[in-house]
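Worksheet: one structure, shown below.
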Amino acid sequence: MIDVGLWISYILFVGAVAGMAVYSLINMLRDTKNAKGTLIGVGVLVGLFLLTFLLSSNELLPKYVDLGISPTQSKMIGAGLLLAYIIGFGTIAIAVYSEVRKIFMK
């Protein structure tokens, strides 16, 4: 019974993701001005990921080799962590800048 429930959940999840992608694509084709901004944002995220992927190390500790982690997986994990740090610190910096700017604009 649980197996059937999991399959139904997987099917619903894939359907929801596909619906979201189709709806987004339709809206991007209708409003090309907003689509440009969206595509620039996606391009920046892809560029940041490529940068963090190139900067991350594929060094493995013996403990991770025993767990079956490959050098490529280690590099992907490092890239994901670096990307999360950059986005997190960037968000904090933008919030602080915005608040400080409001103080001095008054």
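Quick note: the coordinates plus some simple rules give every number you see, no bench work behind them. For clarity, every value in this text was computed on a predicted model and none was experimentally measured. Every residue, glycine among them, receives a Cβ derived from its backbone with ideal geometry; neighbour counts consider all protein chains shown.
Return the label of the correct value of Rg/Rh (Cα atoms, Kirkwood Rh), as calculated from the structure shown, out of (i) 1.01; (ii) 0.98; (iii) 1.13.
For Rg/Rh (Cα atoms, Kirkwood Rh), the calculated option is (iii).
So for the stretch 42-105, averaging the separation of alpha carbon pairs under 8 Å that are six or more residues apart and normalising by length, what relative contact order in percent results?
34 percent
Using Cα springs under 10 Å in a Gaussian network model of the chain, which residue among Phe89, Phe13, Phe53 shows the largest mean-square fluctuation?
Among Phe89, Phe13, Phe53, the largest GNM mean-square fluctuation belongs to Phe13.
What list do you get for Asp3, Asp31 if you sort them by fewest beta carbons within 10 Å?
Ranked by crowding around the Cβ, least crowded first: Asp3, Asp31.
So for the chain, taking the charge dipole from beta-carbon charges (+1 Lys/Arg, -1 Asp/Glu), which of Leu61, Ile77, Ile26 sits furthest toward the positive end?
Going by the Cα projections, it comes out as Ile26.
Under the rule of -39500 (n - 2.57) per DSSP H run of 4 or more residues, summed and divided by the residues of the chain, what mean residue ellipticity at 222 nm is obtained, to the nearest 500 deg cm²/dmol?
For the chain, the value works out to -31000 deg cm²/dmol.
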